[in-house]
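Encoded as structure tokens, the structure appears first; notes follow it.
The values are calculated or read from the model by the stated rules, or taken from the named source; none is laboratory data. Because the structure is a prediction, the values reported are computed rather than measured. Because the Cβ atoms are built from the backbone with ideal geometry, glycine has one as well, and the counts that use them run over all protein chains shown. Keep in mind that these areas ignore ligands, DNA and RNA; they rest on the heavy atoms of the full protein, side chains included. Shrake-Rupley method; radii C 1.70, N 1.55, O 1.52, S 1.80 Å.
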Amino acid sequence: MARKWITPSRIEGEASRQAHADMPKGTYEREISKEGFFGPAAFMHHKRPPTSWVNFEGPLRPRAFDLAALNHSYKSPWTADRILHNNATEIRFWRLDQPMDVLARNADGDQLLFIHDGEGDLYCDYGHLSFEAGDYIMLPRGTMWRLAPSKAVSILMIEATNNHYTLPDKGLLGPHAIFDPAVLEAPSINDAFREHQSNDDETHVEIKKRGQVSVATYPYNPLDVVGWHGELAPVKLNVRDVRPIMSHRYHVPPSAHTTFLSDRFVVCTFAPRPFETDPGALKVPFFHNNDDYDEVLFYHAGDFFSRDNIDAGMMTFHPSGFTHGPHPKALENMLVSKKPATDEYAVMIDTRDPLDVGPDVDAVENKDYVNSWRTSE
């Protein structure tokens, strides 16, 4: 049943009539909204940045993890470090420095692999795919697969638990906006795949179901498909092929960068884009209350303009209910940008249900992250 929101529409005091633009002089905008950025919203104009706390304690504090410091390698994805999880998703960070000697199969849901570093080859039921840094690889639930890196890989794995991935509805923009489905690549039954089949030794398949791993042993290589047809297959998308939506007069919300959908979370891609040029338009992410979604950002490459002391391979976690926005240094560029375009690639995961932090990241957490919004005032 469609919701009918309780929405009194009014303007009180000194306020802009357009979100993210033409704010009253000397003020800082904060958005309060329902259903992420899709529901009704209110826009507050503050005299001071809404994150100018001098102390912040309790479980709502934001977290930051240096995943690049997780330098141990695992042969199986199911033993990789579990970073965050809930009933709808599981986020792991996996380092692999040699070809897998087993096959993996996820019976819990579709698996999304984001290749942060490295390159190599994927072999699966459907054939062969080469991969490199910046690739998303979506593996449908139940697919048997293994990776053979030619250069050690670091992978952000995002599971759609008991669910699947779909593409977002791009609405008025049309189906070819952000990225054209024609850029998606599927595996091929090619010479590389046939050569992989020639190694027909005994093979173990590690099958994850309900968080537990079972092992099926075959006296041969079960990736022995000679052909297939249909609409279901793994796909690969590189961040270079993402063409972000932008407006020179309006700072578009993160939801405009949605790349993959699951029922209880979204995966978005931040890619280089021109800054807004209208003199009244906000040019940094706006302060907002993330009241309905937990927000996770994995920083892949580039200059992360809204955050201080954030490097590639780091992850931030902002629980729902935490007011956040750009760090103090970024606010200096709130209305005047120092360069024509952003230079960053990042993966954002917004989850409708609260996330729990896994036990593997305590040693790589920046406990002082909550204080990064402090100003000298």
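Quick look at the values:
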{"quantity": "Test: residue in region 197-211 that is closer than 29 Å to residue 161 by Cβ, of a type in the set (A, V, I, L, M, F, W, C) and in contact with a helix residue (DSSP H, G or I) (Cβ under 6 Å, 6 or more places away or on another chain)", "calculated": "no"}
{"quantity": "Residue ID - nearest to residue 65 (Cα to Cα), chosen from residues in region 150-167 that are open to solvent by 20 Å² or more (accessible area, probe 1.4 Å) and not polar (S, T, N, Q)", "calculated": "152"}
{"quantity": "Elements of type strands (runs of 3 or more DSSP E) in region 223-332, at least 3 residues being modelled with pLDDT of 95 or more and either surrounded by fewer than 19 Cβ atoms within 10 Å (Cβ to Cβ) or of a type in the set (Ser, Thr, Tyr) (or both)", "calculated": "258-261"}
{"quantity": "Hits in region 336-357 - residues which are open to solvent by less than 40 Å² (accessible area, probe 1.4 Å) and outside any loop (DSSP other than H, G, I, E, B)", "calculated": "341, 344, 346, 347, 348, 349, 350, 351"}
{"quantity": "Enumeration of residues in region 358-377 that are hydrophobic (A, V, I, L, M, F, W, C) and either out of contact with any His (no Cβ under 8 Å at 6 or more places or on another chain) or open to solvent by 70 Å² or more (accessible area, probe 1.4 Å) (or both)", "calculated": "361, 363, 364, 370"}
{"quantity": "Residues satisfying the stated conditions in region 249-268, i.e. in contact (Cβ under 8 Å) with a residue 12 or more places away in the chain, over 12 Å from the mean Cα position of the chain (by Cα) and closer than 18 Å to residue 21 by Cα", "calculated": "249, 250, 251, 253, 256"}
{"quantity": "Qualifying strands (runs of 3 or more DSSP E) (wholly inside region 103-192; at least 2 residues being out of contact with any helix residue (DSSP H, G or I) (no Cβ under 6 Å at 6 or more places or on another chain), acidic (Asp, Glu) and within 20 Å of residue 88 (Cβ to Cβ))", "calculated": "none"}
{"quantity": "Count of region 81-100 residues which are free of Cβ contacts under 8 Å to residues at least 60 places away in the same chain and in a loop (DSSP other than H, G, I, E, B)", "calculated": "4"}
{"quantity": "Residue count for region 208-222, restricted to those that are at pLDDT 95 or above, surrounded by fewer than 19 Cβ atoms within 10 Å (Cβ to Cβ) and closer than 22 Å to residue 155 by Cβ", "calculated": "4"}
{"quantity": "Residue count, region 1-33 (criterion: surrounded by 15 or more Cβ atoms within 10 Å (Cβ to Cβ) and either touching a helix residue (DSSP H, G or I) at 6+ places or on another chain (Cβ under 8 Å) or part of a loop (DSSP other than H, G, I, E, B) (or both))", "calculated": "8"}
{"quantity": "Residue list for region 36-54, restricted to those being touching a Lys or Arg at 6+ places or on another chain (Cβ under 9 Å), part of a loop (DSSP other than H, G, I, E, B) and either open to solvent by 70 Å² or more (accessible area, probe 1.4 Å) or under 26 Å from residue 264 (Cβ atoms) (or both)", "calculated": "36, 39, 40, 54"}
{"quantity": "Among residues of region 323-360, those that are touching a Cys at 6+ places or on another chain (Cβ under 9 Å) and aliphatic (A, V, I, L, M), counted", "calculated": "4"}
{"quantity": "Residue 129 being more than 21 Å from residue 203 (Cβ to Cβ), in contact with a strand residue (DSSP E or B) (Cβ under 9 Å, 6 or more places away or on another chain) and among the aliphatic types (A, V, I, L, M)", "calculated": "no"}
{"quantity": "Residue match in region 64-71 (condition: at pLDDT 95 or above, farther than 30 Å from residue 206 by Cα and buried (at least 19 other Cβ atoms within 10 Å of the Cβ))", "calculated": "yes"}
{"quantity": "Flag if residue 58 is surrounded by fewer than 22 Cβ atoms within 10 Å (Cβ to Cβ) and part of a strand (DSSP E or B)", "calculated": "no"}
{"quantity": "Failed criterion for residue 361 (all others in (1) under 21 Å from the mean Cα position of the chain (by Cα); (2) assigned to a loop (DSSP other than H, G, I, E, B) hold)", "calculated": "(2)"}
{"quantity": "Test result for residue 199, outside any helix (DSSP H, G or I) and within 16 Å of residue 222 (Cβ to Cβ)", "calculated": "yes"}
